[in-house]
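Participant: Take a look at the following structure, please.
The values are calculated or read from the model by the stated rules, or taken from the named source; none is laboratory data. Values in this document were obtained by computation on a predicted structure and should not be read as measured data. Reconstructed Cβ throughout: ideal geometry from the backbone, glycine too, with neighbour counts over all protein chains shown. Just so you know, the surface numbers come from the protein's heavy atoms only, side chains and all, with ligands and any DNA or RNA stripped out. Shrake-Rupley method; radii C 1.70, N 1.55, O 1.52, S 1.80 Å.
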Amino acid sequence: MSLTLFTATGCARCTIAKKFMAEKGLTYDEHDAIGEGKEFFGQFYRTHRSAIFRGKEGIEFPVLAEGDEIRQGLAVIVAWLQAGASLDGFIGRSEHSKGWVGGLHVSGGDPAAMDDLVAVLSFLKRNGLKLQLDTDGRNAVALECLLEQRLGDRVVMDLKGPRPLYGALLGKEIDTQEVGRSMALVAKSPEYRFETTVAPVLRSGVYPESISFLTPEEIAETARWLKEATGSHRLPYVLRAFDPQTSADDRFRSMETLTPNSLLRHRTAARKHQVLTEVQPISG
């Protein structure tokens, strides 16, 4: 399949994408979406609107087309050119942040693709970009590998909740010892924070089944686990309000939106074990 790369005048990440393609010896057609290729890209966008993300600041470039496959954003494009769809679990779209690459989900990918992941992140790092890794505790070995090779400038761990509820909150079975290993690794990284969303839980152990938010006591249990796994009670720990509107589970969409004030009891409970705990409301 032929490759078509849509770029934009002055786009530094487009230049980096072209550098990668040159290193790989790839041939492609390039069109400046705000210059000579504006009309062509406009037609392409109208045809493929559902596949191209457009945020508040407009469309993120570069955009790559290979047949029916469309990839957008530097990291996503480099991953596709390196390994096809093999890195999809590891690398996804993220909000553009100057000098940083996000959307790097250590827990989401296939460990068998680690060599390609390292190659992609090493290329991005060599070209002056900082890397933010996200983890929910799975793939601790992959996280350790990346940190050992200094391929994580910041790590954000989505700590789902206390040990007994972790699998239910994650939506799949998980080895909680592996989650503990990930916590310890994160706490040794150059820059990091832990986050817990005060999320609804399906209480299946009672009859009838009910749904309720994580309680202050359960958040305290989570903070205590974090202290035990890392040996520290002074870690950056953020509690986030659950946003029903973004839930993939229809059962949770009708739930109330928690306010910062409603999370103060959770914060107080967490601070018994993590004294730096703060609350962050849903961003508007």
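Participant: Return the only residue of 239, 264 being within 22 Å of residue 193 (Cβ to Cβ) and either small (Gly, Ala, Ser) or touching a Leu at 6+ places or on another chain (Cβ under 7 Å) (or both).
Facilitator: 239
Participant: List the strands (runs of 3 or more DSSP E) inside the stretch 114-209, counting only whole elements, that have at least 1 residues being of a type in the set (Ser, Thr, Tyr) and either open to solvent by 10 Å² or more (accessible area, probe 1.4 Å) or in contact with a helix residue (DSSP H, G or I) (Cβ under 7 Å, 6 or more places away or on another chain) (or both). It would help to see each step written out before you state the result.
Facilitator: Working: elements: 130-135, 154-158, 192-198, 200-203.
By residue number, 130-135, 192-198.
Participant: Restricting the first residue to the stretch 64-84 and requiring it to be within 18 Å of residue 123 (Cα to Cα) and touching a residue at least 12 places away in the same chain (Cβ under 8 Å), which pairs with a second residue that is among the basic types (Lys, Arg) and outside any strand (DSSP E or B) meet a Cβ separation below 7 Å and a spacing of at least six or different chains?
Facilitator: Close Cβ pairs (under 7 Å, with a partner that is among the basic types (Lys, Arg) and outside any strand (DSSP E or B)) amount to 72/93; 73/93; 74/13; 76/93; 81/24.
Participant: Next question. Answer yes or no: is there a residue in the stretch 35-49 that is of a type outside the set (Phe, Trp, Tyr), open to solvent by less than 70 Å² (accessible area, probe 1.4 Å) and within 30 Å of residue 151 (Cβ to Cβ).
Facilitator: No, because not a single residue in the stretch 35-49 is of a type outside the set (Phe, Trp, Tyr), open to solvent by less than 70 Å² (accessible area, probe 1.4 Å) and within 30 Å of residue 151 (Cβ to Cβ).
Participant: Would you point out which residue out of 74, 3 is over 25 Å from the mean Cα position of the chain (by Cα), surrounded by 13 or more Cβ atoms within 10 Å (Cβ to Cβ) and not aromatic (Phe, Trp, Tyr)?
Facilitator: Result of the check over 74, 3: 3.
Participant: In addition: Here are the criteria: (1) open to solvent by 70 Å² or more (accessible area, probe 1.4 Å); (2) basic (Lys, Arg); (3) in contact with a Ser or Thr (Cβ under 8 Å, 6 or more places away or on another chain). Tell me which single one residue 18 does not satisfy.
Facilitator: Residue 18 satisfies all of (1) open to solvent by 70 Å² or more (accessible area, probe 1.4 Å); (2) basic (Lys, Arg); (3) in contact with a Ser or Thr (Cβ under 8 Å, 6 or more places away or on another chain) except (1).
Participant: Moving on. Got at least one residue in the stretch 96-111 being out of contact with any Phe, Trp or Tyr (no Cβ under 7 Å at 6 or more places or on another chain), among the aromatic types (Phe, Trp, Tyr) and surrounded by 23 or more Cβ atoms within 10 Å (Cβ to Cβ)?
Facilitator: no
Participant: Search the stretch 236-284 for residues being at pLDDT 95 or above, among the charged types (D, E, K, R) and assigned to a loop (DSSP other than H, G, I, E, B), and hand back the single one that is most open to solvent (accessible area, probe 1.4 Å).
Facilitator: Filtering first and then ranking leaves 272.
Participant: Would it be correct to say that residue 86 is more than 16 Å from residue 61 (Cα to Cα), hydroxyl-bearing (Ser, Thr, Tyr) and either open to solvent by less than 50 Å² (accessible area, probe 1.4 Å) or touching a Gly at 6+ places or on another chain (Cβ under 6 Å) (or both)?
Facilitator: Judged against the criteria, residue 86 is not a match.
Participant: Considering only the stretch 31-82, state which residues are aliphatic (A, V, I, L, M), modelled with pLDDT under 95 and under 16 Å from residue 15 (Cα atoms).
Facilitator: Residue satisfying the conditions is 34 alone.
Participant: What pairs can you find where one residue is in the stretch 188-201 and of a type in the set (A, V, I, L, M), the other is surrounded by fewer than 21 Cβ atoms within 10 Å (Cβ to Cβ) and part of a loop (DSSP other than H, G, I, E, B), and their Cβ atoms are less than 6 Å apart, with a gap of 6+ or different chains?
Facilitator: Hits for this filter: 198/242; 199/242.
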